[in-house]
Each structure stands twice: as structure tokens, then as C-alpha cells.
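First the structure, in the form of C-alpha cells, and then the observations on it.
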Amino acid sequence: MAHDAESFTALRDSLRDSLRMLSCVPKLDDKGIITEKVEQRFFPAGTAKIVLTHSKLRRLFKFVADAVLASRLQPEQLAQEASDETICNFLAILVFSKCDLEAFVSFTLKLVVPHGSIHHPLTLPIEDRSILASILNSQFAAEDFYEHQFAFFAPILEKHKEIKSSYRRLPYLQEKLIGQGSFGKIYKVTISPGHYRYDDLFTNDRKLVLARKDFVLDSKDKAHEKERDVIREIVGNAKKHDNIVENWGSLQIGSTYSLFMDLAECDLKQYMINNPNAPDSFEAKADLLHCAVGLAGAIAYLHEDLESSTFERLSCFHMDLKPQNILVVLDSKGKPQWKLSDFNMSRVKRLRTDEHFSLRRRGTFNQVLDINKLFKRTVPDTSDPATTDYTINRRGFGTYLAPEACVGNAVYAEGDTWSLGCVIVVVFSYLYGGQTAVTRFSDLRAKQGFDAFFTFANTRSQHKLSDARNSDAVGTWLQELRFKTAKRHAREGLIFDTMLGFLEREVLIIDPTSRQQTTARDIKQKLLDACNAYRAVESTRVESPKTPKHRFRLASVFSTKKQSTLSSHLHQSVWRLPPLSGSWRNCVFGPHAEPFVCVTDSSLVAYSLGHVLLTDEPNDLIKLGAVAPLNARRLWSGNVAASAQFVIAVTDHESFDCYIYHIPQPDSATSKLELVAHWELELPRIRKVAISPDARYAAFVLNTDPITGEDAPLHIVSLNWLQVAGNNQKLHSMVSSSSESSSTASTPLGRPLSLPCPAEDVRDLSFSAVGGLYAVVKPTYIKPKQEYAMTVFSWHIESGRPLPLPRSKISHDGKDDLLHRLFTSFAPYNTSMAFTVISQEKRVISRAWDPKIFKQSRAQSCRLMKILMDNNDRNILAIGTKQANDELQLFTFPTSTTQEEFQPDGVASLPGMKYGSKFAAAFASQLTQSRERRYVLVSSIDDNVIRVIRTYLDAP
């Protein structure tokens with residue numbers, strides 16, 4: 001018997017070791033510090049079956065049978081009986097508790113053998129110790145069994161189902177606290193294989209990572225019950241929505257109620273913090289707005305399309321929409337998707353069955369019959385950090401809550417509409433300037449006393465809805481977003497103006513009754529329009545022509561479809577700028593007419609016209625500064641280029657001598673020109689200078705060396721490398737962005753590109769808005785073909801790679817026609833690598849990078865002096881005169897014209913300007929009341945007095 005007992009102990013301990021090897025010890029991740037929770041060890045579901053195989057059970061029951069005198073027990077039969085899951089688990093607990101042979105014998109005789117002495121069904125775990133003592137015939141064995149049994153019964157979670165019991169082990173391999181608020185804590189949990197049941201047949205066969213939100217049950221507030229009921233109605237209904245967080249099940253153990261859901265990469269607030277830069281392309285901005293479309297659709301679904309599992313019509317009000325409750329998850333293709341979460345503040349309302357239901361128009365929310373008493377939000381006690389949500393400001397109002405929610409009034413769906421509008425304003429702030437803009441907007445709101453999208457007219461402690469007012473800070477911010485985005489890119493500015501104008505007029509309205517007229521579905525449609533508008537802008541962009549497959553595409557260029565014409569309802573403004581001393585050299589506009597730079601031989605003055613363009617008041621003109629060359633013996637040459645951020649000016653010195661000035665804040669009244677670079681180099685004099693519209697690059701054409709007679713050198717320089725110089729310090733070193741290696745450069749500008757013509761033949765040097773640089777060369781006579789032709793060289797800026805383009809033949813009407821210059825004006829397209837050239841003041845030559853796309857027309861009865869492209873390349877704007885008149889006028893004609901001869905449309909006269917006048921011109925637009933108003937600015941110089949004429953192209 002001793003030998004048998006010793007053999008039994010060896011088998012039991014061997015089985016125990018096998019069980020231990022399969023057990024799991026949960027790990028807690030606390031800010032990167034991993035701690036093992038040994039006391040929470042558990043055995044994954046099915047462990048007993050894995051270890052206690054039929055052969056091992058037979059061996060185990062052989063010892064039991066031998067221990068019973070005159071036994072007729074059959075080990076094979078007992079092993080078959082133990083295949084029952086409950087019996088197998090009981091035996092595993094006996095093994096792990098190191099119970100002796102007598103306990104196994106007692107258990108076998110009472111529960112395993114057919115017709116044992118205990119006949120009632122056995123359910124594990126067993127809470128009554130007396131029952132265990134009766135089964136095992138030992139108080140000590142019962143205590144050991146009781147303590148170890150719970151490790152074998154970690155719960156198995158079920159999809160869309162609620163599990164409730166007194167489990168003492170949880171099936172988590174690892175858990176990490178990732179967030180908390182006023183209603184609970186959120187953990188990232190890794191669930192053990194076998195502990196999540198998808199349906200009646202399948203469980204997880206590998207680790208499953210989910211998010212778990214824990215609530216502490218409170219019989220008074222019952223926040224957990226509200227959220228549980230809402231989740232059950234939302235996820236258990238007949239319809240689904242991809243942008244609402246999926247409920248993976250729930251678990252209640254004692255006073256802790258846990259909800260399981262998709263694990264997000266982060267919430268929307270953290271996403272913007274983690275990715276501080278604004279999206280860098282229109283396609284990326286469209287993708288972000290596509291996520292917002294889904295979010296608005298989720299709110300519309302909750303309001304209008306929710307159905308219970310019995311197909312009853314329901315309406316759910318979220319009541320706590322904010323970036324922290326918008327989860328960012330990755331879909332099956334790895335793309336971000338926004339999901340609405342955190343329904344602890346929500347309520348589901350059941351509808352009367354005898355009334356028609358529609359939430360698309362005003363008043364319909366009154367048709368909703370409450371399940372419980374109408375919800376009113378209570379202001380939390382912010383003095384208790386343990387119960388204060390980090391999105392609640394110091395006045396106790398949620399930043400994104402509607403005014404009616406903050407004064408204790410009843411909250412309906414229009415409260416969600418307000419919150420959704422606030423979130424979208426933040427999203428557009430992020431689109432404009434990244435996290436920096438989002439933070440700045442928050443700081444502006446906070447200056448009003450509390451961070452919200454509205455304010456109160458008085459300071460009393462108990463406010464009424466009638467005290468609420470629209471926030472001046474929000475209004476100012478919306479105006480700034482519209483204005484600055486329009487200056488940066490007209491078509492994007494129109495998107496901003498349309499969306500933000502809609503929110504300001506239709507959504508961010510204090511009176512909830514008026515706000516009822518706009519639904520979440522309406523907001524969704526507006527967002528979808530904005531998303532599609534961004535994709536339309538992106539589709540007009542071009543790619544680097546690295547291979548024939550990726551050459552510039554010009555689907556919209558030279559379309560034969562009839563283009564829109566300009567309005568004849570015009571308005572002109574004429575402003576006179578203060579006179580300047582010295583001999584006039586030049587005046588130029590930057591992109592979108594910002595800045596405006598005037599140059600005399602001794603002074604360069606830069607102005608910001610932004611405020612004047614908004615108010616039409618010349619007194620609002622901002623003077624950014626007046627500067628002169630550091631060397632008093634040198635004068636400005638008039639060779640100048642400007643962008644919204646930089647002004648580049650060249651002196652008359654015989655060698656390379658240029659100044660680069662920075663404009664830190666173009667729209668600020670306190671912004672001044674700052675000298676950031678002065679390059680005085682032993683190189684030929686600068687012949688032409690240009691700056692890209694985005695201020696990232698500058699280009700210089702230098703005079704041809706008269707001794708060597710080599711081709712004109714062209715330098716493309718990155719302005720991202722500019723360094724601020726001291727008052728007397730000169731910067732002589734820059735990194736060239738040309739394709740040649742700067743390490744072997746023969747000049748501080750980097751090795752030049754070769755321009756195969758003399759510098760004096762370069763008539764125009766211009767950047768395009770789509771990544772190209774053009775150099776227009778004086779037309780020449782081609783003897784073999786007996787024709788005149790014009791050559792335009794072009795380069796891809798990023799690579800410095802030349803883009804081949806055949807010469808453009810110029811038709812003319814004989815020798816008399818050649819009295820006029822063969823080159824008159826040049827204008828690149830804004831959305832395509834294409835351009836239009838005016839020759840002989842009447843020939844209109846348009847060319848794209850496809851050699852087949854070329855046309856030449858003749859303007860009748862007029863002389864064209866300068867041309868501009870409108871922002872969408874549909875119309876060409878020209879300044880010139882009628883055939884027998886010297887008065888300058890503004891003309892227009894469509895880019896799509898295919899006629900050999902055409903008559904430009906006269907738009908307006910330019911008073912005081914004549915043929916031969918010195919002038920500069922720019923096309924610009926501004927957005928007012930969701931409309932784009934286009935205009936042309938023309939500056940003229942007369943007796944040292946500058947006049948700026950604005951001619952509107954659209955009706956007011």
C-alpha cells in the first residue's frame with residue numbers, strides 16, 4: 001500500500017506540473033513597468049482536458065480502484081465517466097490542490113461511479129465548504145480544494161452578451177490602463193485563447209486584444225446601467241453602423257461592470273497631438289474629412305435610424321460628443337476610421353407606435369416618448385479630481401456641450417448637433433494649422449473665462465439659457481480661418497468658407513429650437529461636399545514626370561466645353577498710396593496680391609493689402625517696412641520677386657548682390673520686413689529672379705560671362721535653409737536644391753543648371769503652382785524652316801530635371817507685323833503644367849506638356865499687354881487697349897477657345913492708365929458669405945504716386 005501510495009503521489013505531482021505549465025500569470029503594465037500578478041494565476045479553458053487524457057485518467061483510477069477493498073471498480077469505465085467536463089475539472093482541481101489518495105477515492109465513490117451516493121447535479125465552483133467536505137470526506141482537503149478551484153474558472157466572454165457572476169479570476173494575460181474619466185477607467189487587455197466566444201461554435205484560438213471600460217456600480221447614479229442599456233439597444237438592433245464602436249460583450253463581477261470594445265489606436269484628441277502637423281496634401285485632408293463624414297453619419301443613425309431587436313423605432317441622444325469620445329481605429333485596409341464611443345451620458349427614447357417618425361424637420365423630437373425621465377445633465381463637483389473629467393473646464397461646463405445642457409435644461413438631438421459642429425470646427429482648425437492651431441483656438445476660447453463655444457452675458461452663478469451668447473473668440477477664429485486659407489489657396493479657401501459659414505449660420509445657434517432645423521444628416525452632406533471638393537482640387541494636381549507613365553496630365557486644359565463667363569456687374573476701388581522718393585524702378589504683387597512691393601532706386605517698400613481688401617478702406621493699409629541697400633553707394637535695380645513670406649531684391653552692383661527679407665506675419669499690423677540673408681558673391685550680376693508661390697524656392701538667372709561666352713547659369717535655391725543674419729553679417733553659403741551635388745558646387749549657391757541661351761535673351765522667369773519653373777527665351781528666326789519660334793525651358797523643381805518641350809512656332813502677318821515685339825507676356829497655369837504666351841500683343845499661344853496640345857489664336861481689334869490666369873484656369877484676364885484707343889482696359893477670354901481669331905470681352909476701363917504706362921497686375925479672390933468674389937488688382941505709377949485699382953469680376 002505504501003508503494004502504491006508513493007506511485008500515486010508521483011503521478012499526481014507529474015500531472016500537477018503539467019497543469020502549472022499551462023497556467024497563465026496576468027501581467028500589469030504600469031507606465032512601462034511590468035508586474036506579474038501571481039495571486040491571479042488562472043488556467044485557460046480546456047486545460048483539464050489537455051492534461052488529463054484518457055490514458056492518464058485510467059492510470060489515476062487504477063490507484064483508486066486498488067485502494068478500495070473488494071473493489072469492483074473498473075479504471076477504464078471510470079476514465080470514460082471522467083470525460084464529462086465537470087468531472088474532469090474536479091479531478092484537475094484535486095490534482096493541483098495536492099489532495100491525497102483518500103480524497104480521490106471519496107470523490108470517485110460519490111460522484112464518478114454510476115449511482116454514486118451524491119445524486120444532485122454538480123456545479124463548479126462550489127461555494128459551500130460543507131458540501132466539499134462531504135464529497136472529499138476531509139475538512140483539510142475541502143479547504144485546499146476551495147482555495148484552488150477559482151483559478152480554473154476564469155469567465156468566457158461572449159459577443160454581444162452580458163456575463164454576470166462572482167468570478168475570482170479574470171482571463172487577461174496582460175492589462176494596461178490607457179485612460180480614465182468621470183465615469184470609469186479604460187484598459188487595454190489581452191484575452192487568453194479560449195476565453196472569448198464568437199458564437200455557439202467558435203472561440204478565439206489565439207490572443208485577443210480589446211479595450212475594456214470598467215464602471216463601479218453605484219445604486220444612486222446607476223451610470224453603468226444607463227450605458228449598458230444604451231449599448232444593448234444600439235448593438236443588438238437589426239441595423240449596424242460602422243462608425244459606432246462595436247460592443248464585444250460585458251462582464252459584471254461584484255460592483256465592477258466592464259464593457260469590451262474595439263481597441264483604438266487613440267482618440268481624436270490624442271491623434272492630433274501625436275500627429276501635430278496638418279495633413280500635407282489635399283488627398284490627406286479629404287481622407288480626414290471622410291472620417292468626419294462617417295462620424296456625422298453615426299450621429300444621424302442614432303437620431304433617426306436606430307431600431308431595437310424587435311424592430312421598434314428608437315432615438316438615441318449621445319449627449320457627450322467630444323474628441324475624447326471619438327476613437328481612431330484602423331479598418332481592414334489599414335486606413336483610419338472614427339468610431340463614436342462612451343455612451344454613459346446617453347439616453348434611448350422609445351417612440352409612440354401611433355405617430356409618424358421623422359427627425360428631418362423641426363419639432364419632431366417632441367414626438368419621442370421617453371423610456372425614463374427626461375435626462376438633465378448635472379454639473380459635477382470639479383473640486384474632486386477623482387470625479388472630474390479632464391474635458392470639463394473650471395466652470396464645470398463641458399467644452400463641447402450645448403448651452404442648454406450647461407444650464408440644466410432638457411437636452412434633445414439638437415444638443416448633439418451643437419457638439420458635432422464644435423468638433424468639426426476643431427477638425428478644420430487642424431486641417432489649417434495642425435495641433436498648433438487647435439491649441440491656439442483653445443487658448444482663445446479660454447480667455448473668455450471658461451473654455452466653451454459660447455459665453456454668458458453676465459457673471460451670475462446660476463445662468464439661464466437667455467444669458468448665453470455666441471462667443472466672439474469663436475467668431476474671430478472662424479473669420480481668421482476663412483481669410484488666411486483663402487489667401488493660401490483660393491479653392492481650399494472656398495471649401496473652408498462654405499463649411500464654416502454653414503456651421504456658423506445653421507449649427508452654432510444658441511436657441512435650440514432654431515437649431516432643430518439642421519440635423520446631423522445635413523451636416524454629413526456638407527462634410528461629404530467638402531470631402532469631394534478636396535478630392536477635386538487634388539485631381540487637378542500633377543506629378544513629377546519621372547517616367548512617361550507619370551507625365552503631367554492635362555485633362556482639363558484646352559477643353560472645348562463652354563466655360564463660364566465673367567459677370568458684367570462690376571465695382572471698382574481706387575486707392576492712392578503715399579508718394580516715395582527716388583526714381584521709380586518697379587512694383588510687383590506677390591501671389592494672391594500679397595504682398596505689394598514698390599521699388600525706387602533708393603528704397604524698397606512692402607505693403608500688406610489684406611485688410612484693405614476686406615474693408616475697402618485705404619487707411620487699413622499695413623506698411624511692412626522700407627529698406628535700402630546696406631552699401632549706400634549701391635541702388636536697387638528694380639529686379640524684385642515677392643511671395644507672402646519673402647521679398648528678394650537685387651542691387652545694380654556689377655556682381656551678384658541680393659537681399660532676402662522675411663515677412664513673419666503678413667496679416668499683422670506689427671509685422672516688419674526682416675533681413676534674413678544678404679548674398680554678395682564673386683559671380684556675374686543677376687539678370688532675372690523669381691520666387692515660388694509657396695515661398696520654398698528662389699531662382700536666379702545670372703548674366704553670361706562676356707569672356708567665356710558660356711550659357712547663362714540658372715540656380716534653383718531652397719529657402720528652407722535660410723538663417724537669420726546679424727545687422728552687419730553677410731550670409732555667403734546656401735544649399736542648392738538643384739539636381740547637381742552641392743558638394744562639388746563651384747559657387748555658394750550650388751552648381752548651376754545650364755540655360756542654353758544668353759542671359760539677355762531670357763524674357764521671363766516664373767514658377768508654377770504645381771512644381772515647375774519656366775524660363776521664356778526671346779523668339780528667334782529659324783532659317784531652315786523660315787519661321788519664327790519661341791522656346792520655353794522648364795524644370796521640375798524638386799529634382800532640377802529639365803522637362804523637354806518643342807519650340808512653339810509664331811505666326812505673323814508679314815514684316816509690318818514684326819514691328820511689335822515677338823514676346824509680350826507669359827502666364828503659367830495654376831493647376832496644370834501648361835502656359836499661355838502673348839506674342840506681338842495679339843497672338844495667343846497656349847501649350848501643354850503633351851506635344852499634341854498646342855494652339856495659336858489671334859485676338860482681333862485689341863492689343864494685349866499683360867495676361868493673368870484666374871484661379872481655376874478657365875479664363876485668361878488681359879490688360880491692353882482697343883485697336884484705335886490708348887486707354888488701358890481689362891479684357892477676358894476663355895482658355896478653351898479654339899478659334900483662329902476671336903474677340904476678347906471687354907470687362908472694364910482702367911481710369912488714368914494708358915498704353916505705355918508702368919503697371920503691375922494680380923488676380924485674387926476673397927470669400928464672403930459663402931461666395932467667392934474674384935477681382936483683378938492693377939497698380940500704376942504716375943509722378944511717383946502709386947494708384948491701386950481693384951476691379952471686381954463678380955456681382956456683389
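The values are calculated or read from the model by the stated rules, or taken from the named source; none is laboratory data. All values derive from a computational prediction rather than experimental measurement. Note: ideal-geometry Cβ built from the backbone for every residue, glycine included; neighbour counts use all protein chains shown. Heads up: the accessible areas ignore ligands, DNA and RNA and are worked out on the full protein's heavy atoms, side chains in. Shrake-Rupley method; radii C 1.70, N 1.55, O 1.52, S 1.80 Å.
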Test Leu302 against the stated conditions and say whether it is part of a loop (DSSP other than H, G, I, E, B), crowded, with 21+ Cβ neighbours inside 10 Å, more than 14 Å from the chain's Cα centre (by Cα) and not acidic (Asp, Glu). no
If you check Phe902 against the conditions, is it open to solvent by less than 60 Å² (accessible area, probe 1.4 Å), within 45 Å of the chain's Cα centre (by Cα) and more than 19 Å from Val948 (Cβ to Cβ)? no
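Quick check: anything in region 365-372 open to solvent by 30 Å² or more (accessible area, probe 1.4 Å), modelled with pLDDT under 70 and in a loop (DSSP other than H, G, I, E, B)?
The answer is yes, given that some residue of region 365-372 is open to solvent by 30 Å² or more (accessible area, probe 1.4 Å), modelled with pLDDT under 70 and in a loop (DSSP other than H, G, I, E, B).
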In region 817-835, what residues are closer than 15 Å to Ala789 by Cα, modelled with pLDDT under 85 and either in contact with a strand residue (DSSP E or B) (Cβ under 6 Å, 6 or more places away or on another chain) or in a strand (DSSP E or B) (or both)? Leu822
Quick check on region 626-641. Is at least one of its residues in contact with a helix residue (DSSP H, G or I) (Cβ under 9 Å, 6 or more places away or on another chain) and modelled with pLDDT of 90 or more? no
Val95: closer than 19 Å to Thr47 by Cα and hydrophobic (A, V, I, L, M, F, W, C), yes or no? yes
Among the residues of region 535-552, is there at least one that is open to solvent by 60 Å² or more (accessible area, probe 1.4 Å), outside any loop (DSSP other than H, G, I, E, B), more than 30 Å from Asp942 (Cα to Cα) and modelled with pLDDT of 70 or more? yes
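So that you can scan it fast, the table gives a plain yes or no per residue for (1) among the basic types (Lys, Arg); (2) under 23 Å from Ala452 (Cα atoms); (3) at pLDDT 85 or above; (4) open to solvent by 10 Å² or more (accessible area, probe 1.4 Å):
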position: Ala284; (1), (2), (3), (4): no, no, yes, yes
position: Leu295; (1), (2), (3), (4): no, yes, yes, no
position: Glu312; (1), (2), (3), (4): no, no, no, yes
position: Lys339; (1), (2), (3), (4): yes, no, yes, yes
position: Asn344; (1), (2), (3), (4): no, yes, no, no
position: Ser358; (1), (2), (3), (4): no, no, no, yes
Checking the structure you have, find out if any residue of region 433-455 is under 23 Å from Ile299 (Cβ atoms) and in contact with a Gly (Cβ under 7 Å, 6 or more places away or on another chain). no
Could you figure out which of (1) surrounded by fewer than 21 Cβ atoms within 10 Å (Cβ to Cβ); (2) more than 13 Å from the chain's Cα centre (by Cα); (3) at pLDDT 90 or above isn't true of Gln252? (3)
Find the residue count for region 640-678, including only residues that are surrounded by 21 or more Cβ atoms within 10 Å (Cβ to Cβ) and either in a strand (DSSP E or B) or among the basic types (Lys, Arg) (or both). 16
Hey, can you tell me all the residues within region 761-776 that are open to solvent by 10 Å² or more (accessible area, probe 1.4 Å) and either touching an Asp or Glu at 6+ places or on another chain (Cβ under 7 Å) or of a type outside the set (Lys, Arg) (or both)? Asp761, Asp764, Leu765, Ser766, Phe767, Ala769, Val770, Gly771
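Checking the conditions here, which among Phe140, Phe107 is aromatic (Phe, Trp, Tyr) and crowded, with 20+ Cβ neighbours inside 10 Å?
Phe107
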Options Arg228, Arg232, Arg168: the member that is closer than 28 Å to Lys31 by Cβ and either modelled with pLDDT of 85 or more or among the basic types (Lys, Arg) (or both): Arg168
Could you list, in sequence order, all residues of region 196-217 that are open to solvent by 20 Å² or more (accessible area, probe 1.4 Å), of a type in the set (A, V, I, L, M, F, W, C) and not in a loop (DSSP other than H, G, I, E, B)? Leu208, Val209, Val216
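Based on what the data block shows, is Asp451 over 30 Å from Lys349 (Cα atoms) and without any contact (Cβ under 8 Å) to a residue 40 or more places away in the chain? I'd like the intermediate steps shown before the answer.
On the way: over 30 Å from Lys349 (Cα atoms): yes; without any contact (Cβ under 8 Å) to a residue 40 or more places away in the chain: no.
So Asp451 fails the test.
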Residues that are in contact with an Asp or Glu (Cβ under 8 Å, 6 or more places away or on another chain), in a helix (DSSP H, G or I) and closer than 19 Å to Cys406 by Cα, drawn from region 431-481: Ser442, Arg445, Leu465
What about Pro758, is it closer than 23 Å to Phe826 by Cβ, modelled with pLDDT of 70 or more and open to solvent by 30 Å² or more (accessible area, probe 1.4 Å)? yes
Can you confirm whether Leu503 is over 21 Å from the mean Cα position of the chain (by Cα), at pLDDT 90 or above and in a helix (DSSP H, G or I)? no
Would a scan of region 603-622 turn up a residue that is at pLDDT 90 or above, assigned to a loop (DSSP other than H, G, I, E, B) and surrounded by fewer than 22 Cβ atoms within 10 Å (Cβ to Cβ)? yes
Exactly one of Pro276, Pro193 is more than 28 Å from the chain's Cα centre (by Cα), more than 30 Å from Arg313 (Cβ to Cβ), at pLDDT 85 or above and part of a loop (DSSP other than H, G, I, E, B), and that residue is Pro193
Say whether the condition of being over 20 Å from Val574 (Cβ atoms) and either in a strand (DSSP E or B) or at pLDDT below 80 (or both) is met by at least one residue in region 909-925. no
For region 885-893, state whether one or more residues are open to solvent by less than 30 Å² (accessible area, probe 1.4 Å), assigned to a loop (DSSP other than H, G, I, E, B) and at pLDDT 85 or above. no
Might you let me know whether region 30-41 holds any residue that is open to solvent by 50 Å² or more (accessible area, probe 1.4 Å), touching a residue at least 40 places away in the same chain (Cβ under 8 Å), in a helix (DSSP H, G or I) and not basic (Lys, Arg)? yes
Please state which of the following conditions Asp443 fails to meet, knowing it meets all the rest: (1) open to solvent by 50 Å² or more (accessible area, probe 1.4 Å); (2) closer than 25 Å to Ala924 by Cα; (3) at pLDDT 90 or above; (4) not hydroxyl-bearing (Ser, Thr, Tyr). (2)
Before we move on, is Thr476 on the phi < 0 side of the Ramachandran plot, buried (at least 18 other Cβ atoms within 10 Å of the Cβ) and of a type in the set (Val, Ile, Thr)? no
